[in-house]
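**Q** Let me begin by handing over the structure; questions about it come next.
The values are calculated or read from the model by the stated rules, or taken from the named source; none is laboratory data. Quick caveat, the model's predicted, so the values are computed rather than measured. When we count neighbours, we look across all protein chains shown, and the Cβ atoms used for this are built from the backbone with ideal geometry, even at glycine. Just the protein is used for accessible areas: all its heavy atoms, side chains included, with ligands, DNA and RNA removed. Shrake-Rupley method; radii C 1.70, N 1.55, O 1.52, S 1.80 Å.
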Amino acid sequence: MIFGVDVASILLGGLSAGMVLFIVSVGLSVTMGLMGFVNLAHGAFAMLGGYVIVLAMNRLGVGFVPALMLGFVVTAAVSFVFERLLYKRLYRAGELDQVLFTIGLVFVFIAGLTIIVGPETQPFTPPAALRGQVDLGFTQYRAYSIFLIVVGIVIVVGLWLGFERTRLGAQIRATVDNRRMAESLGINVDRLFSITFAFGSGMAALGGGLGAEFLGLDPQYALKYLVFFLIVVSVGGLGTVTGVFYASILIGVLDFVLKLYLPKGGTIFIFALTILLLLWRPQGLFKRTET
Amino acid sequence: MSATAAPSGLTGPALELSEHPAARMLIGRHRLRWWEPTPWILAIAFYFAFPSYLGFGTDLLITILFALSLDLALGYAGILTLGHAAFFGAGAYTVGLLAFNGVWSEPITSLILAAVVAAVVGFASGLVLLRTTGLTLLMLTLCTMLLLEEGANMAHEYTGGFDGLPSLSIPPIFGIFEFNPLYPHTQYIYSLVVLFVGFLLVRALIYSPFGQSLTGIRENMLRMHAVGSPVRWRLVTCYTISAAIAGVAGGLWAQTNAYVNLTTLSLDRAATVFIILILGGYGRLYGAFVGAVAYMVLSHFLARVYPTAWQLGLGLLLVVIALFARNGILGISESLWRRIQTMRRPS
């Protein structure tokens, strides 16, 4: 049965997964586009945020929304410090050193969380209002997934407006297109990068918390899903919000369908598709400028 | 361009072209230096000194060979790859499948077959992937490896899936030297000889004009295009050779362990060899040796007892290396050595 109601539920499930992918990956795309920094530790920031959110809810009894805000703020602050103290020194270094550095950071995060919190998976239960089913008129679906889709749409629209309609967004776009020209026009690229890096990590934290329901949350999170975040970013194109959004939805829905119909080794098609897409459009599917 | 000005040595009548310092450096570059036999002496000494650690030693030698193959692609040609385990796995599964199904198991010819299969995979993937650079190339190599891993997992009827192919029977080398799993003397010597051959090949390659053009491509691809170097073919050739050597390392791994499983194709293995190479120092031939010894010894003694502390320490070490010692352990030693020499000279 692939028709009728099934199509709707598959689409909804895939969309909610895609939204989480988008929320986590969008910061990675923008920071990589700005500085060309190969940041493999982005998943680690998502994991850190997820832990802050889930632990605040489970152990401190903080509400869902305040916990999300707390996760965003803490992760953004931590990543800001990391950026100013460490990342900054490697902007002019080669990709190899950047990869080595960020892999090292991932190990530190994994080991740190294992030591402080423990190796087990952290349980996540959505707040009571988001449990159960919700009636959409044409079908019944899980309330939490619908909530994810709504949140995702709000964030996409917000980011798109910020990217296209604000001064900061214009500066980011200019820098992604041509960093040296932007610098010579007086844009403070360093400051711009600090802000977007902290904000992007905060978004990743939100994604880590929101997605904990179906991605799970354990210290291996940072490595387990890193490949997916990287696939989304490279397929979508660096430095784009809309590109990452379409790529997230594509990969999210595809993964959902494959898990449903080909539970054994369905991901092989995602890797194959990624290879084909990248060979066809090495700069990403939705990259605006051809440079 | 400043290069149009003739070097002072060429204009003076006293100095012949071949006696120019740069020319001398180029001629003598490939000559054996006094310390170069050291690793081999140490490897032979290890055989007699630590007979109970020969299994670990064999693993170490194979890792060195694998890191050496990565050095050729990543260190010399600057091909940013995070999927080199694809070729290690291709070699391992070649040996494993042939031996498991009783088709062919003679060790040395099996290794050659492993090299050929890995080279074919390397050539085919290199042909399409090496048009890209940077993050795109990194993602493409990574996805190719994951594709092979998933493929091997899905074809579990042939490959044994996650569990792999257990208890391969490998006949004695030359019909005389038997592989004994408890006393791996043969495995150690065999791996050492294969590593030596592989090393000689890599060393000859990097000092050849071909190797020189690879370094040129790494340093400035645009300029190499401009001087008429067939950049893409050089890269594909290098990638293919590198893949073949990685395949031999994988084949050796399968033979000495007498089994193959999915870990030979995993991201874990690819990331580890990447870390080892950069830890030791990439693009300098002996980085693979230093990095593998440092990493394997530490992980062998720490990882089992304190796995989490090991991961934390390794992470911190990588961060420190990336921030303060860009060229790995060998890079630090070289700059220290140079500093000592300049301190000596004025006195």
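**Q** State whether one or more residues within region B:247-262 are open to solvent by 50 Å² or more (accessible area, probe 1.4 Å), free of Cβ contacts under 8 Å to residues at least 40 places away in the same chain and either of a type in the set (Lys, Arg) or not in a helix (DSSP H, G or I) (or both).
**A** Let us first name the residues in region B:247-262 that are open to solvent by 50 Å² or more (accessible area, probe 1.4 Å), namely B:257, B:259.
Next, only the ones that are free of Cβ contacts under 8 Å to residues at least 40 places away in the same chain stay: B:257.
Cutting the leftovers down to either of a type in the set (Lys, Arg) or not in a helix (DSSP H, G or I) (or both) gives us none.
No - not one qualifying residue is present in region B:247-262.
**Q** Could you figure out which of (1) open to solvent by 30 Å² or more (accessible area, probe 1.4 Å); (2) under 21 Å from A:Phe193 (Cα atoms) isn't true of A:Thr121?
**A** Among (1) open to solvent by 30 Å² or more (accessible area, probe 1.4 Å); (2) under 21 Å from A:Phe193 (Cα atoms), A:Thr121 violates only (2).
**Q** Oh, and also: Just name the residue that is nearest to the other protein chains (Cβ to nearest Cβ) out of those in region A:237-281 that are part of a loop (DSSP other than H, G, I, E, B) and surrounded by fewer than 19 Cβ atoms within 10 Å (Cβ to Cβ). If you could, list the steps in order and put the result at the bottom.
**A** As a first pass, look at region A:237-281 and keep what is part of a loop (DSSP other than H, G, I, E, B): A:237-240, A:262-266, A:281.
Next, only the ones that are surrounded by fewer than 19 Cβ atoms within 10 Å (Cβ to Cβ) stay: A:262-266, A:281.
Details: A:Leu262: 9, A:Pro263: 11, A:Lys264: 7, A:Gly265: 4, A:Gly266: 9, A:Arg281: 9 Å.
Here the answer is A:Gly265.
**Q** If you scan region B:137-169, which residues turn out to be touching a residue at least 24 places away in the same chain (Cβ under 8 Å), of a type in the set (A, V, I, L, M) and closer than 18 Å to B:Val95 by Cβ?
**A** Passing the criteria: B:Leu148, B:Ala152, B:Leu165, B:Leu168.
**Q** Which members of region A:75-103 meet the condition of being within 16 Å of A:Ser201 (Cβ to Cβ) and either open to solvent by 70 Å² or more (accessible area, probe 1.4 Å) or among the small types (Gly, Ala, Ser) (or both)?
**A** A:Ala76, A:Ala77, A:Ser79, A:Phe80, A:Val81, A:Arg84, A:Leu85, A:Lys88
**Q** Please verify whether A:Arg59 is more than 10 Å from every other protein chain (Cβ to nearest Cβ) and farther than 30 Å from B:Tyr76 by Cα, treating the condition exactly as stated. Explain how you work it out, then say what you get.
**A** Working: more than 10 Å from every other protein chain (Cβ to nearest Cβ): yes; farther than 30 Å from B:Tyr76 by Cα: yes.
So A:Arg59 passes the test.
**Q** Name the pairs whose Cβ atoms lie under 9 Å apart, with the first residue in region B:305-323 and facing chain A (nearest Cβ under 7 Å) and farther than 23 Å from A:Glu95 by Cα, the second assigned to a helix (DSSP H, G or I) and open to solvent by 40 Å² or more (accessible area, probe 1.4 Å), and 6 or more positions between them or separate chains?
**A** Matching pairs, first to second residue: B:Thr308/A:Ile115.
**Q** Continuing with the same structure: When you look at A:Leu217, is it crowded, with 17+ Cβ neighbours inside 10 Å, assigned to a loop (DSSP other than H, G, I, E, B) and modelled with pLDDT of 90 or more, yes or no?
**A** yes
**Q** Which one is farthest from B:Ala92 (Cα to Cα) among residues in region B:264-288 that are away from chain A (no Cβ under 12 Å), modelled with pLDDT of 90 or more and open to solvent by 20 Å² or more (accessible area, probe 1.4 Å)?
**A** This residue is B:Tyr286.
**Q** Looking at (1) at pLDDT below 90; (2) over 13 Å from the mean Cα position of the chain (by Cα), find the lone condition where A:Leu273 falls short.
**A** Going through the list (1) at pLDDT below 90; (2) over 13 Å from the mean Cα position of the chain (by Cα), A:Leu273 breaks only (1).
**Q** Look at A:Ile10 and say whether it is under 22 Å from A:Leu250 (Cα atoms) and crowded, with 24+ Cβ neighbours inside 10 Å.
**A** Working: under 22 Å from A:Leu250 (Cα atoms): yes; crowded, with 24+ Cβ neighbours inside 10 Å: no.
Against the criterion (under 22 Å from A:Leu250 (Cα atoms) and crowded, with 24+ Cβ neighbours inside 10 Å), A:Ile10 does not qualify.
**Q** What residue, of B:Leu192, B:Leu214, B:Leu182, is in contact with a Cys (Cβ under 6 Å, 6 or more places away or on another chain) and among the hydrophobic types (A, V, I, L, M, F, W, C)?
**A** Numbers: B:Leu192 fails: in contact with a Cys (Cβ under 6 Å, 6 or more places away or on another chain); B:Leu182 fails: in contact with a Cys (Cβ under 6 Å, 6 or more places away or on another chain).
Checking each option against the conditions leaves just B:Leu214.
Here's the yes/no breakdown for (1) of a type in the set (Asp, Glu); (2) out of contact with any Lys or Arg (no Cβ under 7 Å at 6 or more places or on another chain); (3) touching a residue at least 12 places away in the same chain (Cβ under 8 Å); (4) not in a loop (DSSP other than H, G, I, E, B):
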position	(1), (2), (3), (4)
A:Glu164	yes, yes, no, yes
A:Leu168	no, yes, yes, yes
A:Gln171	no, yes, yes, yes
A:Ala182	no, yes, no, yes
A:Ile195	no, yes, yes, yes
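**Q** Further question on the same structure: Grab the helices (runs of 4 or more DSSP H) fully contained in region B:144-231, keeping just those with 1 or more residues being modelled with pLDDT of 90 or more.
**A** Details: elements: B:156-159, B:185-207, B:209-219, B:221-226.
It comes to B:185-207, B:209-219, B:221-226.
**Q** Do we have any residue at all in region A:191-200 that's small (Gly, Ala, Ser), at positive phi and more than 13 Å from the chain's Cα centre (by Cα)?
**A** As a first pass, look at region A:191-200 and keep what is small (Gly, Ala, Ser): A:194, A:198, A:200.
From the residues that got through so far, the ones that are at positive phi too are none.
Among the residues of region A:191-200, not one is small (Gly, Ala, Ser), at positive phi and more than 13 Å from the chain's Cα centre (by Cα), which makes the answer no.
**Q** Quick one: is B:Val120 farther than 19 Å from A:Phe228 by Cβ, at the interface with another protein chain (Cβ under 9 Å from one of its Cβ atoms) and either small (Gly, Ala, Ser) or open to solvent by 40 Å² or more (accessible area, probe 1.4 Å) (or both)? If you could, list the steps in order and put the result at the bottom.
**A** Details: farther than 19 Å from A:Phe228 by Cβ: yes; at the interface with another protein chain (Cβ under 9 Å from one of its Cβ atoms): no; either small (Gly, Ala, Ser) or open to solvent by 40 Å² or more (accessible area, probe 1.4 Å) (or both): yes.
Here the answer is no, as B:Val120 does not meet what is asked.
**Q** When residues of region B:13-28 are filtered for being modelled with pLDDT under 75, surrounded by 10 or more Cβ atoms within 10 Å (Cβ to Cβ) and not in a helix (DSSP H, G or I), how many remain?
**A** Number satisfying all stated conditions: 2.
**Q** While we're on this one: Is it the case, given these coordinates, that A:Tyr51 is of a type in the set (Ser, Thr, Tyr) and either under 30 Å from A:Val253 (Cβ atoms) or surrounded by fewer than 15 Cβ atoms within 10 Å (Cβ to Cβ) (or both)?
**A** Numbers: of a type in the set (Ser, Thr, Tyr): yes; either under 30 Å from A:Val253 (Cβ atoms) or surrounded by fewer than 15 Cβ atoms within 10 Å (Cβ to Cβ) (or both): yes.
For A:Tyr51, the condition - of a type in the set (Ser, Thr, Tyr) and either under 30 Å from A:Val253 (Cβ atoms) or surrounded by fewer than 15 Cβ atoms within 10 Å (Cβ to Cβ) (or both) - is met.
**Q** State whether the residues of region B:90-101 include one that is assigned to a helix (DSSP H, G or I), among the hydroxyl-bearing types (Ser, Thr, Tyr), surrounded by fewer than 21 Cβ atoms within 10 Å (Cβ to Cβ) and more than 13 Å from chain A (Cβ to nearest Cβ). Spell out how you get there, then give the answer.
**A** As a first pass, look at region B:90-101 and keep what is assigned to a helix (DSSP H, G or I): B:90-100.
Still in the running and among the hydroxyl-bearing types (Ser, Thr, Tyr): B:93-94.
Keeping just the survivors that are surrounded by fewer than 21 Cβ atoms within 10 Å (Cβ to Cβ) gives none.
Taking every residue of region B:90-101 in turn, none turns out to be assigned to a helix (DSSP H, G or I), among the hydroxyl-bearing types (Ser, Thr, Tyr), surrounded by fewer than 21 Cβ atoms within 10 Å (Cβ to Cβ) and more than 13 Å from chain A (Cβ to nearest Cβ).
**Q** Restricting the search to region A:70-107, which residues are within 12 Å of another protein chain (Cβ to nearest Cβ) and free of Cβ contacts under 8 Å to residues at least 12 places away in the same chain?
**A** Passing the criteria: A:Leu85, A:Arg89, A:Arg92, A:Ala93, A:Gly94, A:Leu96, A:Asp97, A:Leu100, A:Gly104, A:Phe107.
**Q** I'd like to check something: does region A:22-31 contain any residue that is surrounded by fewer than 20 Cβ atoms within 10 Å (Cβ to Cβ) and either within 16 Å of the chain's Cα centre (by Cα) or not small (Gly, Ala, Ser) (or both)?
**A** First, pick out the residues of region A:22-31 that are surrounded by fewer than 20 Cβ atoms within 10 Å (Cβ to Cβ): none.
No, region A:22-31 contains no residue that is surrounded by fewer than 20 Cβ atoms within 10 Å (Cβ to Cβ) and either within 16 Å of the chain's Cα centre (by Cα) or not small (Gly, Ala, Ser) (or both).
Yes/no per residue for (1) of a type outside the set (Val, Ile, Thr); (2) closer than 21 Å to B:Ala292 by Cα; (3) in contact with a helix residue (DSSP H, G or I) (Cβ under 6 Å, 6 or more places away or on another chain):
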site	(1), (2), (3)
B:Pro181	yes, no, no
B:Pro184	yes, yes, yes
B:Gly198	yes, yes, yes
B:Ile206	no, yes, yes
B:Phe210	yes, no, no
B:Arg223	yes, no, no
B:Val227	no, no, no
B:Trp233	yes, no, no
B:Ile245	no, yes, yes
